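One structure is given here, and the rest of the page talks about it.
Throughout, read-outs are computed from the coordinates displayed, never taken from laboratory work. Keep in mind that this is a model prediction, so the values were computed, not measured. Heads up, the Cβs are rebuilt from the backbone with ideal geometry, glycines too, and the neighbour counts pull from every protein chain shown.
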Amino acid sequence: MRSKELPEELRDRIVARHRSGQGYKKIYAALKVPKSTVASIILKWKMFGTTRTLPRAGRPAKLSYRGRRALVREVKKNPKITVAQLQRCSREMGESCRKSTITAALHQLGLYGRVARRKPLLSARHMKARMDSKMVRNKILWSNETKIELFGLNSKCPNSEAWWWQHLVLGCFSAAWTGQLVAIEGKMNVAKYRDILDENLLQSVQDLRLGRRFAFQQDNDPKHTAKIMKEWLHNNSVTVLEWPSWSPDLNPVEHLWRDLKMAVHQRLPSNLTELERICKEEWQRIPKSRCEKLVASFPKRLMAVLDQKGASTKY
């Protein structure tokens with residue numbers, strides 16, 4: 001238990017007696033103050049010229065500056081790293097500390113953890129639709145959109161809160177290779193989605209040599225199924241693949257998004273313009289064999305759905 005400080009008046013009397021020539025023994029005997037306390041008060045007065053309580057520096061940090069920078073590097077290298085893994089890294093550097101200390105240090109640097117989105121809850125109707133889907137993999141143009149995050153560790157943040165930004169991108173691919181990848185500016189709505197398809201879908205079909213009798217895969221987002229979209233697809237003779245709701249595990253493009261995000265983060269883009277450029281470069285670098293293999297896995301995905309009686313699968 002921490003002892004109480006001496007009153008300021010008593011400290012001043014100790015210094016006054018010392019200045020008058022009294023020794024430590026006479027002072028602590030006369031004032032009934034421990035000799036060690038008398039010595040420390042006089043020493044403080046000699047060093048700082050006062051007996052008043054000075055501002056304290058606070059409790060020493062459990063993590064050094066070097067340790068904090070090492071944690072940032074680990075998070076930058078792997079945004080999905082856990083606090084337990086960071087604790088092991090810290091221990092290996094000789095700075096053993098609690099998980100709460102690591103979390104607090106990251107929060108001070110503007111880094112916060114996120115909980116992974118849970119798999120969608122599938123109703124009986126959704127599961128039946130997934131089991132009844134009669135889809136073929138040949139000449140399908142698979143599409144989807146995703147968010148690519150930019151961490152501001154190397155970038156000049158306009159303020160302390162703007163630690164990361166993100167781009168929403170829409171891409172497509174077939175068994176032949178990747179098609180167009182488009183960075184979406186602003187909020188995505190029906191009109192913007194229609195314009196993106198108008199400028200990029202048929203070009204992707206031509207580049208990938210899918211021919212006229214291809215099928216276009218998209219999920220059941222309200223923007224995709226709106227009346228003006230159905231009219232555009234009909235007017236452009238685009239056959240839309242019938243797609244069950246809540247079925248990201250059936251779409252092989254999800255694996256390409258993971259490949260793309262890993263490749264982009266390894267190149268450490270420093271701003272949104274660079275992020276968009278790197279995304280498009282890495283999208284074009286995805287091997288054709290990777291696309292072919294993912295599309296070839298589609299029958300296995302369907303079988304997994306049947307085995308799970310329409311419930312979520314490992315994909």
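Things to note:
- FRET E, pair S270, M93, Förster distance 35 Å, beta-carbon r, rounded to 0.05: 0.85
- All aspartates and glutamates inside 19 Å of K223 as judged from Cα atoms, apart from same-chain residues fewer than 8 positions distant: E145, E185, D195, D198, E199, E231, E242
- Amide N of the range 186-215 lying under 17 Å from the label point, which is placed 7 angstrom from the Cα of K147 along Cα→Cβ: 186-189
- The range 65-108: proportion of alpha-carbon pairs further apart than 18 angstrom, %: 10
- Straightening the chain between R19 and E281 buys 86.5 nm, computed as 0.36 nm per residue apart minus the Cα-Cα spacing.
- Modelled spin labels at I184 and I196, positioned 7 Å past Cα toward Cβ, are 0.4 nm from each other.
- Computing FRET efficiency as 1/(1 + (r/R0)^6) for H255 and L109, where r is the C-beta to C-beta distance and R0 is 30 Å, gives about 0.40.
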